[in-house]
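The values are calculated or read from the model by the stated rules, or taken from the named source; none is laboratory data. For clarity, every value in this text was computed on a predicted model and none was experimentally measured. Neighbour counts run over all protein chains shown; Cβ positions are idealised from the backbone, glycine included. These area figures cover heavy atoms from the full protein model, side chains too; ligands, DNA and RNA do not enter into them. Shrake-Rupley method; radii C 1.70, N 1.55, O 1.52, S 1.80 Å.
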Amino acid sequence: KVKNIKSKKGGLHVEIANNLGKVKPGESISVNGVCSTAKKSGKNISFEYIPETLKLSNLSFLRKEDIVNIEKSMRLNDRLNGHIVLGHIDGRGKILDIKKEGNSKVFGIQLPDKGFKKFLVYKGSVAVEGISLTVVKVLRKSSVLSFIVKIIPHTLEHTNLKYKKKGDFVNLEFDILAKYANKK
């Protein structure tokens with residue numbers, strides 16, 4: 001939960017309730033998928049964001065009491081779950097719709113730019129709010145490019161996706177392997 005937030009010299013200072021345990025200053029923590037450097041830690045963890053990060057992510061929309069996804073970085077000797085997520089946000093997607101499907105929810109998310117479509121493939125990976133998800137479909141309706149992800153109950157219960165609604169912006173990070181494969 002966001003405990004405090006204030007603009008500071010074109011950037012943003014954010015304090016988030018610490019449910020991660022011991023966090024050292026300088027440690028990398030993912031906040032809604034954004035690789036963030038802890039400035040201070042204790043009961044709350046404080047972070048400072050620069051204009052570039054605010055331009056590409058949804059962090060500039062944060063308000064006090066908002067729920068955010070936070071997690072520590074993976075150590076090199078950890079088991080890999082999901083796909084490789086660096087925390088280098090590519091842009092903000094807009095939630096076009098959320099539908100219930102059995103015990104899951106189906107999110108339709110608009111791409112921030114046409115150039116990102118090449119990184120999305122059926123059953124490929126994308127990180128939404130730092131959550132490793134599987135692409136179910138890539139769509140084009142007139143000039144709007146979007147993709148579909150289906151969220152299982154466990155993910156809904158343990159992430160901020162359960163609070164998201166149509167029109168909200170989410171942080172997107174496309175698969176690093178797809179980026180390298182498409183590098184020219």
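In table form, for the structure just shown:
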| read-out | value |
| --- | --- |
| Strands (runs of 3 or more DSSP E) wholly inside segment 82-149 that include at least 1 residues being modelled with pLDDT under 90, of a type outside the set (Phe, Trp, Tyr) and farther than 19 Å from LEU56 by Cβ | 131-141 |
| Residues (buried (at least 18 other Cβ atoms within 10 Å of the Cβ) and within 20 Å of THR159 (Cα to Cα)) located in segment 24-43 | ILE29, SER30, VAL31, ASN32, GLY33, VAL34, SER36 |
| Any chance TYR163 is in contact with an Asp or Glu (Cβ under 9 Å, 6 or more places away or on another chain) and open to solvent by 80 Å² or more (accessible area, probe 1.4 Å) | yes |
| Search result, residues across segment 25-45 that are out of contact with any helix residue (DSSP H, G or I) (no Cβ under 8 Å at 6 or more places or on another chain) and within 23 Å of ILE131 (Cα to Cα) | GLY26, GLU27, SER28, ILE29, SER30, GLY33, CYS35, SER36, THR37, ALA38, ASN44, ILE45 |
| Residues satisfying the stated conditions in segment 21-51, i.e. more than 14 Å from GLU71 (Cβ to Cβ) and either among the polar types (S, T, N, Q) or in contact (Cβ under 8 Å) with a residue 24 or more places away in the chain (or both) | THR37, SER41, GLY42, LYS43, ASN44, SER46, GLU48, TYR49, ILE50, PRO51 |
| Qualifying residue in segment 71-80 (condition: open to solvent by less than 20 Å² (accessible area, probe 1.4 Å), part of a loop (DSSP other than H, G, I, E, B) and not acidic (Asp, Glu)) | no |
